[in-house]
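So the structure is just underneath, and the comments pick up after that.
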Amino acid sequence: MLSTKTIMDIETIRKDFPILQRKVHGKPLVYFDNAATSQKPKQVIEAIEFYYKNYNANIHRSIHQLGEEATAKYEEAHQKVADFINADSYQNIIFTKNTTESLNLAAYSLTSNLKKGDEIVISQMEHHSNLVPWQQLAKQRGLKLKFIEIDEDGNLDKNSIEKNITKKTRIVSLTHVSNVLGTINPIEKITKIAHENNALMVVDGAQAAPHMPVDVKKLDADFYAFSGHKMLGPTGIGVLYGKKELLDEMQPFLYGGEMIREVTFGDTKFNDLPWKFEAGTMNIAEGIGLGAAMDYLGKVGMKHVQQRDKELTNYAMKRLKEVKEAKIYGPEERGAVISFNLNNIHPHDVAQVLDSEGVAIRAGHHCCMPLMSVLKVPATARASFYLYNTEKEVDVFINAIGKVKKVFGV
Ligand SMILES: Cc1ncc(COP(=O)(O)O)c(C=O)c1O
């Protein structure tokens, strides 16, 4: 049987990513900061360049050839995203700036008709972008925000799920995959529990959509948010998927041009979905670039991406466990993320020495300060992988950790 490495032909994939040819401090770049943002294949870069060179125009309003071409490509990108996550239609797909804006859109619109005392449930492992909007809106609107706890392994605590999601819950909003612990949360099961309690389910898919097949129909989530830049696409483009009947009822988050059908001095009729939620001139080039990223990932196949991530993450876990000073956070079964600390060496120092060896990782609180307090650390180092990374790069990373130990005398 062919291994996934052969099926995906990693060396061919790597050639599509120009940045992987560069050196850092004279060493070949080992890019292990994919959870922050992924690198971009030439197919995405060229799609954006081709738009600007050949059919740059505003969309939905220009009665000329360029405008029609730009509109068609931008709308086609919505359809590509819909197909990618198995949504019914492009009408379920709202383009935003990023996951953060998608979650803010959901939070503002969904909390606008809640009443004092209504409850929102999130978890202790949420990224600030799935915590701060709910926290601030709860304060402004007199809502109660509750947190599902994590257990010792870094999974959502089963009892805490049952205890927190009740008939008082109106919204549950959870991350699909933790950007710190790598935990893959059982979204399908929790959505069922939310729906049994008549609550809506919002999912932060920022670390899931790039790495595994996502089927919004199977998950049955009401809303699903993710960022283009973490899945080979450009920055400045994100997605909020929503069920049509809910989007139809929701108030837009931003008002202005493009999102209207008819305006009088006294009132406004909103545009059809999804344009009702896309006010003003959108990030057209970036939307088209995201369409190219969907094509690329679709060609590789998300099942292969998932298998390959797993293979490489397992290898990295095995190698990092050989370093006896390393403490790894999170469960064994995980996404393509490994957070760790090396004795008492500050993660920033770890990252700096690794950088001197050409290895790019992230160090800090990873926009999860409350989770850091649960883990009782100020910060962690984090290595995160994607389809173009290799076992050889993991070996370079482990050797560079050897250098960190030498520098700090551990
Ligand atoms: C789990 C999770 N949610 C949300 C975000 C926010 O994504 P963005 O900065 O693209 O809005 C991130 C980014 O790292 C993330 O990892």
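Arrange the peptides 175-186, 314-325 so that the one whose residues have, on average, the most other Cβ atoms within 10 Å appears first.
Ranked by mean Cβ neighbours within 10 Å, highest first: 175-186, 314-325.
Cα gyration tensor of segment 316-391, axes a ≥ b ≥ c as square roots of the eigenvalues: rounded (a/c below 1.5), prolate (a/b > b/c) or oblate?
The shape class here is rounded.
By its C-alpha gyration tensor, with a ≥ b ≥ c as the square roots of the eigenvalues, how is segment 68-131 shaped: rounded for a/c under 1.5, else prolate for a/b larger than b/c, else oblate?
prolate
Summing Lys, Arg as +1 and Asp, Glu as -1, what charge do residues with Cβ under 12 Å from the Cβ of Ile48 carry, Ile48 excluded?
So the surrounding residues net to +1.
So who's got an amide H within less than 5 Å of the one on Gly238, skipping anything under 5 residues away but keeping other chains? H placed 1.01 Å off N, in plane.
Placed amide hydrogens put Thr96, Lys97, Asn98, Gly228 under 5 Å from Gly238.
I'd like the distance separating the alpha-carbon centroids of segment 187-241 and segment 118-173, in whole Å.
Computed from Cα coordinates, the inter-centre distance equals 16 Å.
Suppose only helical runs count, i.e. DSSP H with n ≥ 4. What mean residue ellipticity at 222 nm does that imply for the chain under -39500 (n - 2.57) per run, divided by all residues and rounded to the nearest 500 deg cm²/dmol?
Value at 222 nm, helices only: -12000 deg cm²/dmol.
Percent of Cα-Cα pairs more than 25 Å apart in segment 90-210, please.
Here the tail beyond 25 Å accounts for 17 percent of pairs.
Have a look at segment 356-400 and give its Rg and Dmax from the Cα atoms, expressed in angstrom.
13.0, 35
Among the aspartates and glutamates, which have Cα under 18 Å from the Cα of Lys299 when same-chain residues fewer than 8 positions away are ignored?
Excluding near neighbours in sequence, the set is Asp9, Glu11, Asp16, Glu46, Glu76, Asp83, Asp215, Asp309.
In sequence order, what are the phi-derived ³J(HN,Hα) couplings for segment 150-161 according to the Karplus relation 6.51 cos²θ - 1.76 cosθ + 1.60 with θ = phi - 60°, rounded to whole Hz, with x for glycine and proline?
Calculated HN-Hα couplings, in order: 9, 8, 5, 7, x, 9, 5, 6, 4, 5, 5, 4 Hz.
Could you compute the net charge surrounding Val396? Neighbours are other residues with a C-beta less than 12 Å from the C-beta of Val396; K and R count +1, D and E count -1.
Spelling it out: positives minus negatives among the neighbours equals 0.
Could I have the simple spin-label model distance between Lys318 and Asp220, label points 7 Å from Cα toward Cβ, reported in nm to one decimal?
Inter-label distance under the simple model: 3.8 nm.
I need the shape label for segment 154-204. Rule: rounded when a/c is under 1.5, else prolate if a/b > b/c, else oblate, with a, b, c from the alpha carbon gyration tensor.
In terms of gyration-tensor shape, prolate.
Might you report the magnitude of the Cβ-based charge dipole of the chain about its Cα centre, with Lys and Arg at +1 and Asp and Glu at -1, to the nearest 20 debye?
Magnitude of the dipole: close to 980 debye.
For a protection proxy built on the mean count of beta-carbon atoms within 10 angstrom, sort 204-212, 47-55, 97-105 highest first, please.
Top of the packing list down: 204-212, 97-105, 47-55.
So for each of 60-70, 160-170 I average, over its residues, the number of other beta carbons within 10 Å; can you give me the resulting order with the highest mean first?
Highest-to-lowest ranking by the protection proxy: 160-170, 60-70.
Where a number appears in this text, it was derived from the coordinates with a stated rule and is not lab data. These figures come from a predicted structure and were not determined experimentally. In this analysis, Cβ positions are derived from the backbone assuming ideal geometry, glycine residues included, and neighbour counts consider all displayed protein chains.
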